[in-house]
Each structure stands twice: as C-alpha cells, then as structure tokens.
Amino acid sequence: MPSALPRVGFGYDVHRLVEGRPLILGGVEIPSPKGLDGHSDADVVLHALADALLGAAALGDIGRHFPNTDPRYKGISSLILLGHVADLLRRHRFAVVNADITLLLEAPRIAPHADRMRATIARALDITPEQVSVKATTGEGMGFVGTGEGAAAYAAVLLMSS
Ligand code: MG
C-alpha cells in the first residue's frame, strides 16, 4: 500500500548507434542514417522513463520485468513495455504527477520531434502531454555521445498515490 507522500524516481539508459536500425525515441520513429541497437527497439528514452517509474514505486527495474534474454521481448516496441509498467503502477495505486526526460544525442536534432514524443508518452501513461517534458542536448563532440557512438537518456518522475 503506497503512502500518501509523493515519491520521486530516477532512470538512466544508454544504447549504441548502429547502421541498419530505425531510430526510435520516445515511441516516435525519427529519420536518421543510424538507429539504436538492442534486444527491443532500443528506445533509450522510454527505457530511462520506465526505470524511473519503477524506481519511484520501488518495483525493481526493466531488466527484471523484461529480461533481454527473453525472446518475447525481441524487437518489441518499448511503448508496449511502458504500457506494462503503467498497468503495474495502477495495480499498486500509483498515479504519475509528471515526468522530465533529458536525451543525450549528437544527431539528428530532436526539437522538431519532442512534442510528438510527449504526446506518445502521455498516451502510453494515460496522462496529458503537459505532464511530460522531453529535452535534448548533445555531447558537444565529446565522449560516446559526442562522437555519435551512442545515445543516453535520463528521466525523473514524481508519483503520488491514487
Ligand atoms: Mg535499454
């Protein structure tokens, strides 16, 4: 039984950028010569968000709920995984107050796609786009983000009991 106090959660994820994969971020496919590699669709934004939500509820992490050794999750849309997390939170009587996500990616530019990501995430969580923030920054040419080797995402969320 959750307490009446709000609960904060934090998530982080990283995936490698490779040729021959679609780039899917925040549930939205973005035109790009490279995409993220992983067992699922490798949506680094949704993975960080799902981990933040599970963390706020102290319900483990996505690796525990959706093992990357399980063939059921091979190539799966991470929106489906996020939907499972949303169901789990509802069963534990948690409601999402807001989510704030920062994506680290050198290219392409994310700003033109951010509002579609917010709407897509809001739909999966059954909340409004105003409760979802998607921000992006580059690595300024430094490190694995800056050289285009991969992308990372951070997410913070607040839950309250419903
Ligand atoms: Mg991941």
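Read the figures in this text as sums done on the coordinates, not as results from a lab. Computed from a predicted structure; not experimentally measured. Note: ideal-geometry Cβ built from the backbone for every residue, glycine included; neighbour counts use all protein chains shown.
Brief remarks on what is shown
- The Cα center of the range 83-148 and the Cα center of the range 1-63 differ in position by 8 Å.
- Entry for the range 67-119 at q = 0.13, 0.29, 0.30 Å⁻¹: log10 I(q)/I(0) = -0.52, -1.11, -1.13, Debye formula applied to identical alpha-carbon scatterers, no solvent contribution.
- Treating each Cα of the range 103-161 as an identical point scatterer and summing with the Debye formula, the log10 of I(q)/I(0) at q = 0.14, 0.24 Å⁻¹ comes to -0.46, -0.95.
- Local charge for LEU158 was computed over the other residues whose Cβ lies under 10 Å away, with Lys and Arg +1 and Asp and Glu -1, and equals 0.
- In percent, rounded to a whole number, the relative contact order of the chain is 34, using alpha-carbon pairs under 8 Å and six or more apart.
- The angle between the Cα long axis of helix 78-91 and the main principal axis of the chain comes to about 10°, on a 0 to 90 degree scale.
- Using alpha-carbon coordinates, inclination of helix 44-56 to the longest axis of the chain, degrees: 20 degrees
- Candidates ILE80, ILE24, ILE121, ranked by Gaussian network fluctuation over the chain, Cα under 10 Å, top entry: ILE80
- Here is the list for the range 61-137: trypsin sites (Lys or Arg not before Pro) lying in DSSP coil, each with at most 16 other C-beta atoms within 10 angstrom of its C-beta, are LYS74, ARG93, ARG109.
- The C-alpha atoms of the chain occupy a region whose extents along the principal axes are 46, 34, 25 Å, arranged from largest to smallest.
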